[in-house]
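Trainee: Have a look at this one.
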Amino acid sequence: MGKSVDDGGVKIRLSIVAPCYNEAEGLNEFCRRARAAAEVVAGQSFEIILVDDGSSDGTWGVISGLAAGIPQVLGVKLLRNHGHQLAATSGLAVARGERVLLIDADLQDPPELLSEMMPIMDQGADVVYGQRSERKGETRFKLVTASVFYRLLTRLTSISIPQDTGDFRLMKARIVHILLNMPERHRFIRGMVSWIGGRQVALRYTRDARYAGSTKYPLKKMIRFAIDAITSFSIIPLRISAWMGLISAVFALGLLIYTLVQWFEGNVITGWSSIMAAISALSAIQLIALGTLGEYVGRLVQEHKRRPMFMIDCVVQGEVMSELPGDFSELDTASRRSELGKLSAAGVTARPVETVAGR
């Protein structure tokens, strides 16, 4: 696999990053399977990073217990719920491995696929991403909407984003570093990784049903996620709005000419209903165009504020809980490495897990 990353004397060949939101029921099983899969390909030179994204159940308690009992487990607690994409980004920022596997903790994506991904990367791939050939345990509505979304995204964007994929992927550290240096707050990780380029190879697999719990992506979040994806990688909606305005202008001009001709011929123009229908249609087009423009302007405002991308409350490893700098998300790669290199030793901010696990 080549030279391992060395941070403060800690050499790690593989990092497994798993965002967790209310996943207390299945975390122990996920950690067992992820640990077994990592040992097969990396021996003991790996870490499992579990990110608690502001969970409201006992997720952080489970993570703290796993970190206390398993040396390779690193728990990251965010100050609040940031959403899946930013929680994943925070885990990637903490990862110290030469290779990084991004995976959800619900066990729909099998960690055992590491044994197939690693040889592909040994042959020169920069990214090995899972591509779903079958999705078990999901409703027909979810399957249909997902299919429509990926195909619509493919037509709207100027980059090639593979269809039927999620964030489940193995990446080299250099790809992760480039990804972390991309500053946008409204993140669509699978699209951003595709934009980076390099040699990216698909691995077909069957996606399992959730091991425990329920989906954390209801319809409202799915729609928001789709909007973020499209607006992050395409300006075509703005062009569509412009074309709708142009077509409306041509229609209005034609209607004006028709009205004048009828007036010169002495015909009385009647038809209140048709006039109101035309006004309503034109008003709807204008509101759609304004709404589309508003989505892009809103993102510009959010990016311009330069608020921290994510906020880490604390990090737990073994029996010690430590704090990272408040601006950790804004640090460059070298500075993050320096801070992470201190995790293996108890610093002035370190304190026993028991004193903060319940906060």
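Trainee: Could you say which residue among VAL315, VAL353 is modelled with pLDDT of 70 or more, closer than 30 Å to GLY69 by Cβ and touching a Ser or Thr at 6+ places or on another chain (Cβ under 8 Å)? Please lay out each step first, then the result.
Mentor: Details: VAL353 fails: modelled with pLDDT of 70 or more.
Answer to the selection: VAL315.
Trainee: While we're on this one: For region 114-156, what are the residues that are part of a loop (DSSP other than H, G, I, E, B), of a type in the set (Asp, Glu) and at pLDDT 75 or above? Step through it out loud before you land on a result.
Mentor: The initial filter retains those residues of region 114-156 that are part of a loop (DSSP other than H, G, I, E, B), namely 123-126, 136-139.
Checking the rest, the ones that are also of a type in the set (Asp, Glu) come to 126, 138.
Residue satisfying the conditions is ASP126 alone.
Trainee: Taking GLY75 as meeting all but one of (1) part of a strand (DSSP E or B); (2) modelled with pLDDT of 90 or more; (3) open to solvent by 10 Å² or more (accessible area, probe 1.4 Å); (4) not hydrophobic (A, V, I, L, M, F, W, C), write down the number of the exception.
Mentor: Against the list (1) part of a strand (DSSP E or B); (2) modelled with pLDDT of 90 or more; (3) open to solvent by 10 Å² or more (accessible area, probe 1.4 Å); (4) not hydrophobic (A, V, I, L, M, F, W, C), GLY75 comes up short only on (3).
Trainee: Which ones in region 62-72 are crowded, with 22+ Cβ neighbours inside 10 Å and among the β-branched types (Val, Ile, Thr)?
Mentor: The initial filter retains those residues of region 62-72 that are crowded, with 22+ Cβ neighbours inside 10 Å, namely 62-64, 66-67, 72.
The answer is VAL62, ILE63.
Trainee: Looking at (1) touching a strand residue (DSSP E or B) at 6+ places or on another chain (Cβ under 6 Å); (2) open to solvent by 10 Å² or more (accessible area, probe 1.4 Å); (3) in contact (Cβ under 8 Å) with a residue 60 or more places away in the chain, can you tell me which one GLN85 breaks?
Mentor: Exception for GLN85: condition (1).
Trainee: Then there's this: Restricting attention to region 63-82, which residues are touching a helix residue (DSSP H, G or I) at 6+ places or on another chain (Cβ under 8 Å) and either aromatic (Phe, Trp, Tyr) or free of Cβ contacts under 8 Å to residues at least 60 places away in the same chain (or both)?
Mentor: LEU66, ILE70, GLN72
Trainee: Next question. Can you give me the number of residues within region 96-117 that are of a type outside the set (D, E, K, R) and open to solvent by 10 Å² or more (accessible area, probe 1.4 Å)?
Mentor: Start the filter on region 96-117 by keeping residues that are of a type outside the set (D, E, K, R), which leaves 97, 100-103, 105, 107-108, 110-111, 113-115, 117.
Now narrow it down to the ones that are open to solvent by 10 Å² or more (accessible area, probe 1.4 Å): 108, 110, 113, 115.
Qualifying residue count for the region: 4.
Trainee: Next up: Going through region 161-199 one residue at a time, which ones are open to solvent by less than 40 Å² (accessible area, probe 1.4 Å) and basic (Lys, Arg)?
Mentor: Within region 161-199, ARG169, ARG185, ARG187, ARG190 meet the criteria.
Trainee: Since THR59 meets every condition but one in (1) among the hydroxyl-bearing types (Ser, Thr, Tyr); (2) buried (at least 21 other Cβ atoms within 10 Å of the Cβ); (3) in contact with a Ser or Thr (Cβ under 7 Å, 6 or more places away or on another chain), which condition does it not meet?
Mentor: Going through the list (1) among the hydroxyl-bearing types (Ser, Thr, Tyr); (2) buried (at least 21 other Cβ atoms within 10 Å of the Cβ); (3) in contact with a Ser or Thr (Cβ under 7 Å, 6 or more places away or on another chain), THR59 breaks only (3).
Trainee: Additional query: Please go through (1) among the charged types (D, E, K, R); (2) in contact with a strand residue (DSSP E or B) (Cβ under 9 Å, 6 or more places away or on another chain); (3) free of Cβ contacts under 8 Å to residues at least 40 places away in the same chain for ARG151 and return the number of the only condition it doesn't satisfy.
Mentor: Going through (1) among the charged types (D, E, K, R); (2) in contact with a strand residue (DSSP E or B) (Cβ under 9 Å, 6 or more places away or on another chain); (3) free of Cβ contacts under 8 Å to residues at least 40 places away in the same chain one by one, ARG151 breaks only (2).
The values are calculated or read from the model by the stated rules, or taken from the named source; none is laboratory data. Quantities reported herein were computed from a predicted structural model and do not represent experimental measurements. Here Cβ is always computed from backbone atoms with ideal geometry, including for glycine, and neighbour counts include all displayed protein chains. Just so you know, the surface numbers come from the protein's heavy atoms only, side chains and all, with ligands and any DNA or RNA stripped out. Shrake-Rupley method; radii C 1.70, N 1.55, O 1.52, S 1.80 Å.
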